Amino acid sequence: MSDPISPYHKPGFYDEALAKGRHRDIVGGRWEETGLIQMQILLNAGLEPHHQFLDIGAGSLRLGCRLVPYLLPNHYWATDLSGALLRRGYEMELADKTRLSPDHLIEDANFAFPALPDTITHAMAFAVFTHLPLAHLAHGLARIRAAFRALDWVMFTVFVAPDDQFDQPFRQPDGVVTHPGRAPWHHRLGDVLRTAQAAGFHPETLPTELPRGQLLIRATPTISG
Ligand SMILES: C[S@@+](CC[C@H](N)C(=O)[O-])C[C@H]1O[C@@H](n2cnc3c(N)ncnc32)[C@H](O)[C@@H]1O
């Protein structure tokens, strides 16, 4: 049997980890630091309480537990490969549950975005495409572009490796080793930017330093004619 594309795709992964109470570890730990960094990125980028925000691959709401209190009630939506993980985050991490209806948490294995409104204005996929091959980034971005016509931007993170070291394991600035053919995946920056352009976005790399050496990209929809 071939290897799963990421640890998240291993059969039984979520059941086992959730049974052990490890909803924070599943998303990589570093709970406070990573949640705060994501919040700071969004505030610096001008996210306002009336915006409609989609957290793609939101996990156990490491960002959501901070963002839900900032946004107007029910202006936050979350998708993830695991609905159980989203619900555990909601139960354990969301202080004021009156601000978010549980039907805003949506299990979604392949960027289908079922039951999401097309009024989403801003989105983030933090540490999600770092676990996926380039074809999944292409598919995910194309789906985002098609589903959300009111989108101002989507931010996402990837790992990149220099072109001349792409074919081998690569040590990222804060130590994590990424790979060209298995998770955590690295890509060539040029391929990531071309993929975003082909999906109908203008991509920009942002200078923010992120945990584990991820690269932050803001993709703004290009005007279609
Ligand atoms: C490293 S965690 C990051 C979670 C969250 N974005 C955060 O920063 O706290 C990666 C998340 O991506 C989710 N995931 C992996 N593959 C996915 C896919 N194809 N579609 C949606 N979510 C996915 C996992 O379940 C996990 O919650």
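The values are calculated or read from the model by the stated rules, or taken from the named source; none is laboratory data. The structure presented is a predicted model; accordingly, all values stated were derived computationally and were not measured. Counting neighbours? That spans all protein chains shown, and the Cβs are built from the backbone with ideal geometry, glycine included.
Quick notes on this structure:
- Qualifying residue in the stretch 53-65 (condition: surrounded by fewer than 24 Cβ atoms within 10 Å (Cβ to Cβ), farther than 21 Å from Tyr8 by Cα and more than 11 Å from the ligand (Cβ to nearest atom)): yes
- Residue that is out of contact with any strand residue (DSSP E or B) (no Cβ under 7 Å at 6 or more places or on another chain), surrounded by fewer than 17 Cβ atoms within 10 Å (Cβ to Cβ), modelled with pLDDT of 95 or more and charged (D, E, K, R), where the choices are Asp164, Asp174, Asp152: Asp164
Residue-wise test of (1) within 9 Å of the ligand (Cβ to nearest atom); (2) modelled with pLDDT under 95.
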site: Asp3; (1), (2): no, yes
site: Tyr8; (1), (2): yes, no
site: Asp15; (1), (2): no, no
site: Gly21; (1), (2): no, no
site: Glu48; (1), (2): no, no
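- If you go through the stretch 8-25 and keep only what is over 19 Å from Arg182 (Cβ atoms) and surrounded by 17 or more Cβ atoms within 10 Å (Cβ to Cβ), you end up with Tyr14, Ala17, Leu18, His23, Arg24.
- Ile5 being of a type in the set (Val, Ile, Thr), within 15 Å of the chain's Cα centre (by Cα) and either under 29 Å from Gly181 (Cα atoms) or crowded, with 17+ Cβ neighbours inside 10 Å (or both): no
- Verdict on Ile223 being over 20 Å from His9 (Cβ atoms), within 16 Å of the ligand (Cβ to nearest atom) and not small (Gly, Ala, Ser): no
- Enumeration of residues in the stretch 114-149 that are more than 10 Å from the ligand (Cβ to nearest atom), of a type outside the set (A, V, I, L, M) and either without any contact (Cβ under 8 Å) to a residue 40 or more places away in the chain or farther than 25 Å from Leu215 by Cβ (or both): Pro114, Pro117, Asp118, Thr119, Arg143, Arg149
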